[in-house]
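The numbers here are math on the coordinates, done by the rules we state, and not lab data. Note that the structure is predicted; figures quoted are calculated from it, not measured. Please note: Cβ atoms are built from the backbone with ideal geometry, for glycine as well, and neighbour counts cover all protein chains shown.
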């Protein structure tokens, strides 16, 4: 089976070219040029394909290193892409099973309540937002959707400020929330999106100031005694965070249940539609099955993951 490798930790070594390599030559390179202590045991080099493999042993621990045949580079780790693909497929299958179980356990309603908790600059929060936007466009007012935020922010003042903006857009100009998010998720340029989406800037500024005063967002940012561990608090949805046991971004709550969700549009549509008493015809629509890439930007795809910020 043909294998492809990703190479990590490339380091220049010697300019010599020697088709046969001795243990002494390898030890000299590792000791003198990489600073490997002489107390560490180094195995005899073994030829594996286009590389020499040696094993470092110390206090019961082992680490493999690979040297190119010309001894110019040492590689600290190799990943077999065939094995990586199998692991990704297994993870995707496990997440699909978890999502199906979550769907089966959902309470049904005529108009499902969907609450998505994120941190605005969390790459996994933006990932699920990119996945759910087509679902929101499709289902419209057939569901009761609300964007909410975790009760602490891991990405500094810029995140606190942006979350105030998004909260106020949703509160006062909800018909523009999806357009604003679609813009923001491209590159994280909130100020540009306020103009692009034609938000009422004066109304937005008033709401931000009022909300900041009510929940002491920036005051708490300045007072580290109020922080949650190493991170400033964002208490706008603190009660809901406690109610649902929100642990990080993203967290999806459907009809009052915190569910484990995949992040493709199709998976999110299927899961949300499982919350209907009688699913509308829109639930039969086929959406994108690929998982969006984490972070900003709509290019590329990501692997199935339950990674989160928090």
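Note on region 87-302: Cα convex hull, mean projected area over all directions, 12.1 nm². Calculated on the alpha-carbon coordinates, the convex hull of region 145-188 measures out at 74 cubic angstrom per residue. In plain terms, the residue of 130, 69 with the fewest other Cβ atoms within 10 Å comes first and the most crowded comes last, giving 69, 130. Projecting label points 7 angstrom from Cα along Cα→Cβ for residue 189 and residue 28 puts them 5.7 nm apart.
For region 125-152, backbone nitrogen atoms closer than 16 Å to the point 7 Å from residue 279 Cα along Cα-to-C-beta are found at 135-136, 138-140, 142-143. Sorting 152, 244 by the number of Cβ atoms found within 10 Å of their own Cβ, with the fewest placed first, yields 244, 152. Using the Cβ-Cβ distance between residue 260 and residue 38 with R0 set to 35 Å, the FRET efficiency from 1/(1 + (r/R0)^6) comes to roughly 0.10.
What FRET efficiency would be calculated for the residue pair residue 299, residue 157, taking the C-beta separation as r and a Förster radius of 22 Å, to the nearest 0.05? That pair, residue 299 with residue 157, gives E of 0.20. Sorted from greatest to least, the principal axis extents spanned by the alpha carbons of region 186-310 come out as 47, 36, 31 Å. Taking label positions 7 Å along the Cα-Cβ direction at both residue 62 and residue 175, the computed distance is 6.8 nm, reported to one decimal.
The length gained on full extension between residue 137 and residue 290, counted as 0.36 nm times the residue separation minus their Cα-Cα distance, comes to 53.3 nm. Taking other C-beta atoms within 10 angstrom as a stand-in for reagent exposure, 233, 211, 126, 107 fall in the order 107, 211, 233, 126, fewest first.
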